[in-house]
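*Asks:* Okay, here's the structure, questions in a sec.
Just so it is clear, none of the values below were taken in a lab; they were calculated from the coordinates. Every value quoted in this text rests on a predicted model; they were computed, and no experiment measured them. Note that we place each Cβ from the backbone using ideal geometry, even for glycine, and neighbour counts take in every protein chain shown.
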Amino acid sequence: MNIFIMRAYLHARLGNHNERGANLVEYLLLVAFIAVVVLGAVKLLGSNVSTKFSKANTDLN
């Protein structure tokens with residue numbers, strides 16, 4: 001009986017640790033950061049780019 005308890009204890013302490021949830025959180029934080037940067041760039045440069053595209057459109061017509 002003691003061997004089984006020792007085996008379970010060692011497996012719990014030294015066994016495979018699943019870090020799948022931690023990796024998922026890291027990827028979600030990375031995606032959220034990229035989304036914030038993209039939204040900030042669009043907000044900052046959006047009207048300027050829109051004006052340039054409108055001018056290019058009128059020049060082509």
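*Asks:* Taking the Cα centre of the range 2-60 as the origin, how large is its charge dipole in debye, to the nearest 20, when only Lys and Arg (+1) and Asp and Glu (-1) carry charge on their Cβ atoms?
*Replies:* In total the dipole reaches around 80 debye.
*Asks:* While we're here: Can you compute the modelled spin-label distance between Ala41 and Leu29, with each label point 7 Å from Cα toward Cβ, in nm?
*Replies:* 2.2
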